[in-house]
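See below for the structure under consideration.
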Amino acid sequence: MTQAPAPTRRAEILAAAADLFARRGYHGVSIADLGRAVGLTGPALYRHFRGKDALLAEILLDISRRLLEEGVRRAALPDPARALDALLEWHVDFALDNPQLITVHERELDNVPEPQRHEIRRAQRAYVEEWVGVLCRLHDMPAERARAAVHAVFGLLNSTPHSAGALDRAAMGKLLCAMASAALHRAARP
């Protein structure tokens, strides 16, 4: 059995920053706090990132790119019903495993410098469109209606930071998948 590779120092810093930003907010965390969280001095972080805003931007860019990359892969399944199930499973797993990342995204996107914020938004729109395409293939519904339904379902799925601990992970995952699936299929009916 092979072991998973150890996380890089950069990945450790990103994970610690996401946790601190989620708990205390971007403005409530200093470079010294970030350094302490990973056993470095604050100034030593500058060897990895040019500043706190660069850390935040990389966290949110990574989230958006990962969601889009996997969304494209799953949406490409030939059976749209299976593609929708695969998208739901992926997003639910992501949301349950990363509530701190969802919190950081919801609260801190405006603190990302404009060029990176534009790139984050572009990736998010592309991710939504993967879902819209699957719904339109599955239900032959207008894209505007599918888009509205997808955004509404993302609100449900991204509520995990507020519902953590309500149920065990498996039960919460099943509940979220069932609710989101029902909502998306219902949206196809006038």
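The values are calculated or read from the model by the stated rules, or taken from the named source; none is laboratory data. Just so it is clear, the structure is predicted and the values come from calculations on it, not from any experiment. FYI the Cβ positions are ideal-geometry reconstructions off the backbone, even for glycines, and counts take in every protein chain you see. Surface areas here come from the heavy atoms of the whole protein model, side chains and all, with no ligands, DNA or RNA. Shrake-Rupley method; radii C 1.70, N 1.55, O 1.52, S 1.80 Å.
Of all the criteria given as (1) free of Cβ contacts under 8 Å to residues at least 12 places away in the same chain; (2) buried (at least 21 other Cβ atoms within 10 Å of the Cβ), the one not satisfied by L77 is (2).
When you look at V112, is it among the β-branched types (V, I, T) and open to solvent by 50 Å² or more (accessible area, probe 1.4 Å), yes or no? Criteria not met by V112. Scanning segment 23-54 for residues that are crowded, with 19+ Cβ neighbours inside 10 Å, in a helix (DSSP H, G or I) and at pLDDT below 95 yields L34, L45, K52.
Of everything listed in (1) surrounded by 14 or more Cβ atoms within 10 Å (Cβ to Cβ); (2) touching an Asp or Glu at 6+ places or on another chain (Cβ under 8 Å); (3) of a type outside the set (S, T, N, Q), the single unmet condition for V132 is (2). Assess whether A148 counts as being open to solvent by 50 Å² or more (accessible area, probe 1.4 Å) and more than 18 Å from the chain's Cα centre (by Cα). The answer is yes for A148. So is E119 closer than 15 Å to L56 by Cβ and buried (at least 16 other Cβ atoms within 10 Å of the Cβ) or not? Criteria met by E119. Restricting to segment 155-177, count the residues that are surrounded by 12 or more Cβ atoms within 10 Å (Cβ to Cβ) and over 14 Å from D93 (Cβ atoms). Residues that pass the stated criteria total 6. Listed conditions (1) closer than 25 Å to L77 by Cα; (2) touching a residue at least 40 places away in the same chain (Cβ under 8 Å); (3) within 15 Å of the chain's Cα centre (by Cα) are all met by H185, apart from (3).
Can you spot a residue in segment 55-68 that is more than 30 Å from L84 (Cα to Cα) and either under 22 Å from the mean Cα position of the chain (by Cα) or open to solvent by less than 20 Å² (accessible area, probe 1.4 Å) (or both)? Yes: one or more hits.
In the set (1) open to solvent by 20 Å² or more (accessible area, probe 1.4 Å); (2) touching a helix residue (DSSP H, G or I) at 6+ places or on another chain (Cβ under 7 Å); (3) touching a residue at least 12 places away in the same chain (Cβ under 8 Å); (4) closer than 24 Å to E106 by Cβ, the condition left unmet by L138 is number (4).
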